[in-house]
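The values are calculated or read from the model by the stated rules, or taken from the named source; none is laboratory data. The structure presented is a predicted model; accordingly, all values stated were derived computationally and were not measured. Note: ideal-geometry Cβ built from the backbone for every residue, glycine included; neighbour counts use all protein chains shown. SASA here: full protein model, heavy atoms, side chains in, ligands and nucleic acids out. Shrake-Rupley method; radii C 1.70, N 1.55, O 1.52, S 1.80 Å.
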Amino acid sequence: MSIVTVQLGQCGNQIGFEVFDALFNDSHCPGGLCSKRENEAYQASCKERFFSEEENGVPVARAVLVDMEPKVINQTLSKAARSGRWKYGQHSCFCQKQGSGNNWAYGYSVHGPRHKESIMNLIQKEVEKCDSLSGFFIIMSMAGGTGSGLGAFVTQNLQDQYSSALKMNQIIWPYGTGEVIVQNYNSILTLSHLYRSSDALLVHENDAVHKICARLMKIKQISFCDINQVLAHQLGSVFQPTYSREGSFHYRRNPLGDLMENLVPHPEFKMLGVRNIPQMSENSLAYSTFTWAGLLKHLRQMLISNAKMEEGIDWQVRPPLSGLPPLGKMSVNKETHFNTSIANLVILRGKDVHSADVGAFKDPALYTSWLEPVHAFNVWKTQRAFRKYEKSAALVSNSQSLVKPLDMIVGKAWNMFASRAYLHQYTKFGIEEEEFLDSFTLLEQVIASYCNL
């Protein structure tokens with residue numbers, strides 16, 4: 001089954017390119033530490049999901065590119081064409097001459113309705129090329145105007161038009177220090193609208209990815225391209241093919257459906273995060289060896305202490321002892337707190353993968369009381385290595401890890417709203433105060449639900 005990717009705004013298009021490039025490079029990586037036959041099956045499965053073949057043999061990304069300014073789309077198209085390995089479709093882009101000025105309301109209320117027909121037609125053409133549609137993967141940021149406002153509008157329309165197809169939004173959480181003065185307004189409006197129309201939100205925090213670039217990848221001057229490559233690596237490690245079940249050598253057919261089934265057991269809880277181990281520069285990789293036991297021990301502690309990378313893990317955080325009453329519900333303000341999960345999916349790739357023991361992730365103390373570990377935890381495996389890592393593990397988690405950043409964004413937006421700062425920029429495009437209040441109410445409820453796990 002195929003996934004149609006919708007790249008929205010500057011951020012969505014730049015990340016989208018890196019994701020397709022990472023997927024293609026990995027699937028055509030020589031060897032992959034497995035047999036030739038297995039490698040060919042892996043390539044075919046990746047291609048079915050993300051690429052369609054053109055007549056001249058060049059794979060074409062199953063993607064629609066949307067932006068309200070032409071510059072980034074033109075750069076993205078030419079970068080893909082220059083690679084000579086894969087490209088975007090000739091008629092898969094929509095762009096205009098005027099951006100959204102970092103205003104969510106302009107993207108949602110002006111660009112959205114004005115260009116709805118053209119954008120939805122492009123998406124429909126892409127869907128028609130799929131033998132079978134798994135769903136939509138929508139890449140966008142929260143802070144600006146086009147990705148966030150138009151992204152929320154397009155997701156809503158996908159929900160109306162393709163109600164039975166799954167929709168996963170990959171959203172980029174803005175830097176805490178701020179990129180745009182109204183980013184907190186844009187963020188709460190985006191999140192509240194996506195909560196109503198998307199099946200899952202896969203969140204990446206810019207601050208966390210920036211630290212990975214600095215500390216693990218050892219990059220001195222970090223560019224958006226560096227950040228996007230780390231994001232693409234993490235997404236690739238989740239979406240590339242894995243075996244359908246233990247002992248099978250057939251790859252799963254419905255990646256989005258399987259992800260949702262394993263990770264979103266209730267529509268109130270749909271915020272997902274990704275952690276990867278190991279992550280390092282190619283130079284360091286050549287001198288490193290890893291064991292499954294070591295990788296999984298670190299990954300589990302990253303989960304329960306809410307660390308985004310293996311450096312600087314707090315080893316003092318322990319799960320509450322099973323059978324004892326909890327010490328009270330999560331407080332948003334507590335510094336170190338045990339990170340309770342609803343659901344976790346561990347994805348293992350590489351050498352001796354069948355010997356990896358994931359028993360420590362089945363501890364009931366890791367999960368909310370209303371879900372047994374047998375329903376809350378899953379593991380996917382493949383012997384096929386990912387990129388140049390002999391062994392690698394990814395953890396996709398539905399847990400309390402985003403409560404604190406969400407609470408901060410809601411708090412900052414509320415402080416601005418209480419003094420009516422910048423509201424006129426939204427009301428003039430039809431987003432009234434009522435809309436803001438609805439967003440605050442919905443997100444406060446989400447925070448409360450996650451805190452009460």
Just one listed residue, out of ILE188, ILE181, is more than 16 Å from the chain's Cα centre (by Cα), farther than 28 Å from ILE347 by Cβ, open to solvent by 10 Å² or more (accessible area, probe 1.4 Å) and touching a residue at least 60 places away in the same chain (Cβ under 8 Å), and it is ILE181
For SER148, indicate whether it is assigned by the TED database to the domain that holds TYR106 and either assigned to a strand (DSSP E or B) or within 15 Å of LEU202 (Cα to Cα) (or both). yes
Filtered residue count, the stretch 138-157, keeping only those that are farther than 22 Å from LEU231 by Cβ and either polar (S, T, N, Q) or in contact with a Lys or Arg (Cβ under 7 Å, 6 or more places away or on another chain) (or both): 2
Restricting to the stretch 259-270, name every residue that is open to solvent by 10 Å² or more (accessible area, probe 1.4 Å) and either in contact (Cβ under 8 Å) with a residue 24 or more places away in the chain or of a type in the set (Lys, Arg) (or both). MET260, ASN262, VAL264, PRO265, HIS266, GLU268, PHE269, LYS270
Just wondering, is there one or more residues in the stretch 8-17 that are of a type in the set (Phe, Trp, Tyr), over 18 Å from SER392 (Cα atoms) and either open to solvent by 60 Å² or more (accessible area, probe 1.4 Å) or outside any strand (DSSP E or B) (or both)? yes
Just to be sure I understand, how many residues within the stretch 179-193 are in contact with a Phe, Trp or Tyr (Cβ under 9 Å, 6 or more places away or on another chain) and in a helix (DSSP H, G or I)? 10
Got a number for residues in the stretch 375-415 being of a type in the set (Asp, Glu) and without any contact (Cβ under 8 Å) to a residue 60 or more places away in the chain? 0
Regarding the stretch 137-144, can at least one residue be identified that is closer than 21 Å to PHE51 by Cβ and surrounded by fewer than 24 Cβ atoms within 10 Å (Cβ to Cβ)? no
I'd like the full set of residues that are surrounded by fewer than 21 Cβ atoms within 10 Å (Cβ to Cβ), among the hydrophobic types (A, V, I, L, M, F, W, C) and either closer than 20 Å to GLY144 by Cα or in contact with a Lys or Arg (Cβ under 6 Å, 6 or more places away or on another chain) (or both), limited to the stretch 411-435. TRP414, MET416, PHE417, ALA421, LEU423, PHE429
Among the candidates ARG215, ARG275, ARG253, ARG300, single out the residue that is of a type in the set (D, E, K, R) and open to solvent by less than 10 Å² (accessible area, probe 1.4 Å). ARG275
Taking the condition out of contact with any strand residue (DSSP E or B) (no Cβ under 6 Å at 6 or more places or on another chain), under 23 Å from VAL274 (Cβ atoms), in the same structural domain as LEU133 (by the TED database) and not small (Gly, Ala, Ser), does ILE188 pass? yes
Kindly list the number of the only condition in (1) out of contact with any Gly (no Cβ under 6 Å at 6 or more places or on another chain); (2) among the small types (Gly, Ala, Ser); (3) open to solvent by less than 10 Å² (accessible area, probe 1.4 Å) that fails for GLY84. (3)
Does the stretch 358-366 contain at least one residue that is in a helix (DSSP H, G or I), aromatic (Phe, Trp, Tyr), at pLDDT 95 or above and buried (at least 22 other Cβ atoms within 10 Å of the Cβ)? yes
When only residues in the stretch 151-178 that are assigned to a loop (DSSP other than H, G, I, E, B) and not β-branched (Val, Ile, Thr) count, which is nearest to the chain's Cα centre (by Cα)? PRO174
Scanning the stretch 220-244 residue by residue, those open to solvent by 40 Å² or more (accessible area, probe 1.4 Å) and either among the aromatic types (Phe, Trp, Tyr) or touching a residue at least 60 places away in the same chain (Cβ under 8 Å) (or both) turn out to be PHE224, CYS225, GLN229
